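Notes for the one structure printed next.
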Amino acid sequence: VHQDLCSVLQYALDQALDVHDEKQIKKELNRFPGVKSVALNLKRGILCVDFDDSGVTRETLEQAMDTLGYPMSLIDAISF
């Protein structure tokens, strides 16, 4: 029996963010199937993505952020 995993990724973004960045990031990441939520803490530069890996992979999400021009580093990854 194949069981889909839910994952939560937390990243530190390597640049200052504003409301425009937040809208752009959320719009881009929410277009992928399986993405449940995208949350940004603009003051701390933290991005959290909750997704079902049956619809999208971590690598795809990271590549999308790289393409947008937002360098980031993984803080934590939880799968359940």
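The values are calculated or read from the model by the stated rules, or taken from the named source; none is laboratory data. Everything quoted here is computed from the prediction, not taken from an experiment. Backbone-built Cβ (ideal geometry, glycine too); neighbour counts: all protein chains shown. With ligands, DNA and RNA removed, areas are computed over all heavy atoms of the protein, side chains included. Shrake-Rupley method; radii C 1.70, N 1.55, O 1.52, S 1.80 Å.
Within the set of other residues whose C-beta is less than 15 Å from the C-beta of Tyr70, count the net charge using Lys and Arg as +1 and Asp and Glu as -1.
-3
Please sort 30-37, 14-21, 49-56 by packing, taking for each peptide the average over its residues of neighbouring beta carbons within 10 angstrom, highest first.
With the highest mean Cβ count within 10 Å placed first, the list reads 49-56, 30-37, 14-21.
Please list the radius of gyration and Dmax for the chain, considering alpha-carbon atoms only, with Å as the unit.
12.2, 44
Using a Förster distance of 22 angstrom, determine the FRET efficiency expected from the C-beta separation of Ala16 and Cys48, and round it to 0.05.
0.80
Find out how many positive minus negative residues lie around Asp21, taking Lys and Arg as positive, Asp and Glu as negative, among other residues whose Cβ is under 14 Å from that of Asp21.
Within the 14 Å Cβ shell, the charges total +1.
What figure in square angstrom, to the nearest 10, would you give for the accessible area of Thr67 with a 1.4 Å probe?
Approximately 110 Å² of Thr67 is accessible to the 1.4 Å probe.
Roughly how much of Ser79 is accessible, in Å² to the nearest 10, using a 1.4 Å probe?
Ignoring ligands and nucleic acids, Ser79 comes out at about 80 Å².
Using only the alpha carbons of region 34-80, determine the length spanned along each of the three principal axes and report them from longest to shortest in whole angstroms.
The Cα atoms of region 34-80 stretch 30, 22, 16 Å along the principal axes, largest first.
Give me the dipole magnitude in Debye, nearest 20, for the chain about the Cα centre, with unit charges on the beta carbon: positive for Lys and Arg, negative for Asp and Glu.
Here the chain has a charge dipole of around 260 debye.
Report, to the nearest 10°, how far helix 58-68 tilts away from the longest principal axis of the Cα atoms in the chain, using its own Cα long axis and a range of 0 to 90°.
Between helix and principal axis, roughly 20 degrees.
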